[in-house]
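Comments concern the structure below.
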Amino acid sequence: MRHSEPQRVRPLAFLLGLLFAAALGLTIPYTDMFLKASRLAYCHLPIAPLFILLVLVGAYNRLAARVNPAFALTPTEALLIYAVLLAVVTMSSAGYGAWAVTVPTASFYYANPGNKWEELFWGFIPKWTRPDPNSGAVTGLYEGLHRAQSIPWHEWRVPLFAWTLFAFLFLATWLCWGLLLRGRWMESEKLLFPLAEVPLALVGNNRQAGPGSIMASRLFWLGLALPAFFHSFNSINYFVPVVPRLQIHDINIGEPFVRRPWSELSDLRIYILFAVIGIAFLVTSEISLGLWFWFWFVRAERILFSALGITTEQRPWLVGMDPARWQEVGAFFALVGFLLWTSRGELWARLKRALAVGWLRREHGSDPLPFTLALIGFLVSFCGLVLWCV
């Protein structure tokens, strides 16, 4: 927050956050998995929380300022609601909900004598991670229930508890990991957080969310109108197919590349993603250059392999061994090792200071959690995650 003194959070903000969270928790799975309509929870800046923040700051606070200023939200309260909604949308669909029910059941529903999934997979899927395939719960999940039927919760209680435990351990592990590295990221390296710039610009920098906001700029509304026009027009095409669609996604530009080795570029496509364009404006030029460079480096690598005859057609054992994928895995482990090695001195110093201050006392008032508790939480959650997977 960009304020000289902390702001008190009232129960009103918690109540609004919980109400909107419950609404999104019910709406997003329905729109994503049943209607297959607008993806309200996708992207690193999902549209649903941003839209609600926009309404709270631009409409609700304006109305509250005229009726009773005491009901207007402060920037801290508006950002708290936004953070709560971010946590909900990532869990309610593609971030968790869609996988927790489909991954352990898909091999039962789609099994047939041809793919022999019953012989290959069924014996390796623990019973406590999925409902009984003979109970009708799996069929009902994919085909729906009749009006007279009710959801067989007794079949889902144990699997949902197991996957909720997994999600809790997973999120707790990464939350504690972030708290351990928070000091280095924010104080030593002075990292930028471009995804946080958008909500901060929307709430403004005054005591009341709204004044000083970027919404006072006409240029902001002009920039917002462009993606709103394209998405609204294409939404009409979704419901009324006779209306033409404006093609801004999946524009095939690799079709002319048909001969080896240039055929490795045949899947090149252009996606005009306005949210990505906006975030790219906020990141540093070095990061943008790195993303651009490594994208074309991987393409050049595939062209070189094809020219040398290193293809899956001539070497079937290469299937599933895309070099770019394994380089991503290797880069991930290298990045984690680099972070730990370069942070070793600072982490050890913070641990000694935390032990000197006390196990349950925070070193700074701005720390969300004492360093020792964050360390214990990381170790316990990570070990629990490993045991769950085993």
Worksheet item: Ala374 passes all but one of (1) surrounded by 14 or more Cβ atoms within 10 Å (Cβ to Cβ); (2) part of a helix (DSSP H, G or I); (3) of a type in the set (A, V, I, L, M); (4) modelled with pLDDT under 85; which number fails?
Response: (4)
Fill in: Out of Ser235, Ser306, sole residue that is assigned to a helix (DSSP H, G or I), open to solvent by less than 50 Å² (accessible area, probe 1.4 Å), at pLDDT below 85 and farther than 30 Å from Leu50 by Cα
Ser306
Practice prompt. Might you let me know whether the stretch 356-368 holds any residue that is assigned to a helix (DSSP H, G or I), touching a Leu at 6+ places or on another chain (Cβ under 9 Å) and among the small types (Gly, Ala, Ser)?
Written response: no
Fill in: Test: Arg325 is open to solvent by 60 Å² or more (accessible area, probe 1.4 Å) and under 22 Å from the mean Cα position of the chain (by Cα)
yes
Worksheet item: So which residues in the stretch 238-250 are without any contact (Cβ under 8 Å) to a residue 24 or more places away in the chain and open to solvent by less than 50 Å² (accessible area, probe 1.4 Å), if there are any at all?
Response: Val243
Discussion item. If I ask for residues that are among the hydroxyl-bearing types (Ser, Thr, Tyr) and open to solvent by less than 80 Å² (accessible area, probe 1.4 Å), which ones from the stretch 270-286 would you list?
Written reply: Thr284
Practice prompt. Report, ordered by the first and then the second residue, all pairs with beta carbons closer than 7 Å, sequence separation of six or more or different chains, a first member in the stretch 75-95 that is over 15 Å from Thr27 (Cβ atoms), and a second member that is open to solvent by 20 Å² or more (accessible area, probe 1.4 Å) and in a helix (DSSP H, G or I).
Written response: Ile81/Leu16; Ile81/Phe20
Worksheet item: For the stretch 167-178, does any single residue satisfy the condition of being over 27 Å from Leu339 (Cα atoms), at pLDDT 85 or above and either among the aromatic types (Phe, Trp, Tyr) or crowded, with 19+ Cβ neighbours inside 10 Å (or both)?
Response: no
Worksheet item: Can you spot a residue in the stretch 214-227 that is modelled with pLDDT under 85, among the small types (Gly, Ala, Ser) and closer than 30 Å to Leu200 by Cα?
Response: yes
Item to complete: Kindly list, by first and then second residue, each pair from a residue in the stretch 214-228 that is on the phi > 0 side of the Ramachandran plot to a residue that is not in a helix (DSSP H, G or I), limited to pairs with Cβ atoms under 8 Å and residues at least 6 apart or on different chains.
Response: none
Discussion item. Looking at Ser92, Ser107, can you tell me which residue is modelled with pLDDT under 85 and polar (S, T, N, Q)?
Written reply: Ser92
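The values are calculated or read from the model by the stated rules, or taken from the named source; none is laboratory data. Everything quoted here is computed from the prediction, not taken from an experiment. Cβ: placed from backbone, ideal geometry, glycine included. Neighbour counts: every protein chain shown. The area values use the complete protein model at the heavy-atom level, side chains included, leaving out ligands, DNA and RNA. Shrake-Rupley method; radii C 1.70, N 1.55, O 1.52, S 1.80 Å.
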